[in-house]
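Here is the structure we will look at.
The values are calculated or read from the model by the stated rules, or taken from the named source; none is laboratory data. Bear in mind the structure is a predicted one, so any value in this text is a computation, not a measurement. A quick note on method: Cβ atoms are made from the backbone with ideal geometry, for glycine too, and the neighbour counts reach across all protein chains shown. Please note that ligands, DNA and RNA were not included when accessible areas were found on the heavy atoms of the full protein model with its side chains. Shrake-Rupley method; radii C 1.70, N 1.55, O 1.52, S 1.80 Å.
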Amino acid sequence: MTGQVLVVTAGAGGIGSAVAHRFRSRGWHVVIVDRDAGRGRAVAGGCDGLFVHTDATTMAGCQEYVEATLARHGTLDLLHLNVGVLAGTAVGDGFDPQAYQSMMRTNVDSVVFGVQAAYAPMRAHGGGAVLVTASTTGVRPSPDALYSASKHAVVGLARSLAGPLGQVNIRINALCPGAVDTPMLADRRDALVRAGVGLVTPEEVAAAAEQAHATGRTGEAWIVNAGHPVAPHPFTEVVIAGEERISR
Ligand SMILES: NC(=O)c1ccc[n+]([C@@H]2O[C@H](COP(=O)([O-])OP(=O)(O)OC[C@H]3O[C@@H](n4cnc5c(N)ncnc54)[C@H](O)[C@@H]3O)[C@@H](O)[C@H]2O)c1
């Protein structure tokens with residue numbers, strides 16, 4: 001794997017920085033993408049990596065980090081689309097439609113635009129791989145229903161894009177961590193621990209990212225939950241007869 005190129009969005013955060021350090025320790029070149037310039041530069045510096053300071057939820061931002069990566073390294077082997085925020089609002093009294101739409105844009109657009117930006121360069125290089133950070137809330141109900149909807153969306157994207165992307169030798173998988181001990185959960189960490197919720201470390205998520213990538217498979221959603229072995233989620237297959245004969 002030595003000498004391959006990883007791009008990780010939200011790379012200055014808990015999970016992103018752990019993934020960057022793990023792949024760097026395996027000899028990869030890393031590119032950190034984040035809107036936090038201070039932390040982003042620090043993480044990139046610690047990985048001898050490139051930092052791209054941009055908004056990874058816009059098409060222009062995604063094109064910017066892909067172009068910066070190609071300019072530096074000439075290739076992009078693994079794109080880890082890792083941006084995501086909690087909803088900050090809920091259906092019912094006090095619903096905030098702007099907070100909802102902002103969260104959906106952040107969590108879903110960052111994946112769609114990221115894959116789109118990487119598609120042509122990866123195809124031109126004979127293939128590549130995409131890893132998307134979803135969540136266990138992407139495969140099960142959650143008290144944060146709107147966040148859960150956004151993570152179901154990215155799990156669905158990864159599974160549905162696996163076929164078409166496979167035709168140009170691009171693999172795509174999702175990572176579905178449970179509660180991870182990062183700044184994202186800082187304000188509720190104590191309550192989770194008191195309630196007995198097991199926290200996954202960012203390093204465990206990074207190890208799962210490496211494991212999921214190393215299988216060479218596609219269209220899987222890897223569960224990374226405290227107290228359980230890391231494994232792809234066993235989805236029940238729903239067959240639509242004749243669908244395979246429809247070209248899109
Ligand atoms: N922490 C958890 O419990 C947990 C569990 C499951 C899934 N996840 C998912 O893991 C991913 C990473 O979360 P984390 O816990 O490492 O978060 P974190 O709060 O530690 O880091 C988030 C990073 O994202 C960056 N960021 C936010 N919006 C951005 C944007 N538009 N463009 C570029 N950078 C942006 C922030 O600057 C920050 O560095 C998210 O998708 C999150 O939904 C987290």
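Only one of the listed residues (E210, E203, E244) is away from the ligand (no atom under 11 Å from the Cβ) and over 26 Å from F23 (Cβ atoms). That residue is E244. The residue that is least open to solvent (accessible area, probe 1.4 Å), among those in region 165-184 that are more than 16 Å from the ligand (Cβ to nearest atom) and assigned to a strand (DSSP E or B), is I170.
Examine region 44-60 for a residue that is farther than 28 Å from A207 by Cβ, open to solvent by 10 Å² or more (accessible area, probe 1.4 Å) and of a type in the set (S, T, Y), and state whether such a residue exists. Yes, the conditions are met somewhere in region 44-60. Can you tell me which of (1) in contact with a strand residue (DSSP E or B) (Cβ under 8 Å, 6 or more places away or on another chain); (2) open to solvent by 20 Å² or more (accessible area, probe 1.4 Å); (3) part of a helix (DSSP H, G or I) is the one E67 doesn't meet? The single condition E67 does not satisfy is (1). Exactly one residue out of S148, S142 is assigned to a loop (DSSP other than H, G, I, E, B) and within 12 Å of the ligand (Cβ to nearest atom), and it is S142.
Residues in region 8-32 that are within 16 Å of A56 (Cα to Cα) and within 12 Å of the ligand (Cβ to nearest atom): 10 in all. Summed over region 76-105, the residues that are under 24 Å from M122 (Cα atoms) and touching a helix residue (DSSP H, G or I) at 6+ places or on another chain (Cβ under 8 Å) give a count of 8. Within region 105-128, the set of residues being under 13 Å from L165 (Cβ atoms) and of a type in the set (K, R) comprises just one member, R123. Just for region 213-226: of the residues that are part of a loop (DSSP other than H, G, I, E, B) and away from the ligand (no atom under 11 Å from the Cβ), which one is most open to solvent (accessible area, probe 1.4 Å)? Result: R217.
For region 29-43, residues that are open to solvent by less than 50 Å² (accessible area, probe 1.4 Å) and within 18 Å of the chain's Cα centre (by Cα) total 7. Scanning region 231-245 for residues that are assigned to a loop (DSSP other than H, G, I, E, B) and under 18 Å from I172 (Cβ atoms) yields H233, F235. Here is the figure for region 207-248: residues that are more than 12 Å from C176 (Cα to Cα) and of a type in the set (G, A, S) total 8.
Scanning region 77-97 for residues that are more than 14 Å from the ligand (Cβ to nearest atom) and hydrophobic (A, V, I, L, M, F, W, C), we see that the one that is nearest to T57 (Cα to Cα) is L78. In region 182-199, the condition of being among the β-branched types (V, I, T) and under 30 Å from R245 (Cβ atoms) is met by no residue. When region 98-132 is filtered for residues that are surrounded by 23 or more Cβ atoms within 10 Å (Cβ to Cβ), outside any helix (DSSP H, G or I) and more than 12 Å from the ligand (Cβ to nearest atom), the ones remaining, listed by number, are G128, A129, V130.
Tell me which residues, restricted to region 33-59, are more than 9 Å from the ligand (Cβ to nearest atom), in a helix (DSSP H, G or I) and in contact with a Gly (Cβ under 8 Å, 6 or more places away or on another chain). Within region 33-59, A44 is the sole residue that qualifies. Do you know which residues across region 149-164 are in contact (Cβ under 8 Å) with a residue 24 or more places away in the chain and open to solvent by less than 40 Å² (accessible area, probe 1.4 Å)? Of everything in region 149-164, those that are in contact (Cβ under 8 Å) with a residue 24 or more places away in the chain and open to solvent by less than 40 Å² (accessible area, probe 1.4 Å) turn out to be S150, K151, A153, V154, V155, A158, A162.
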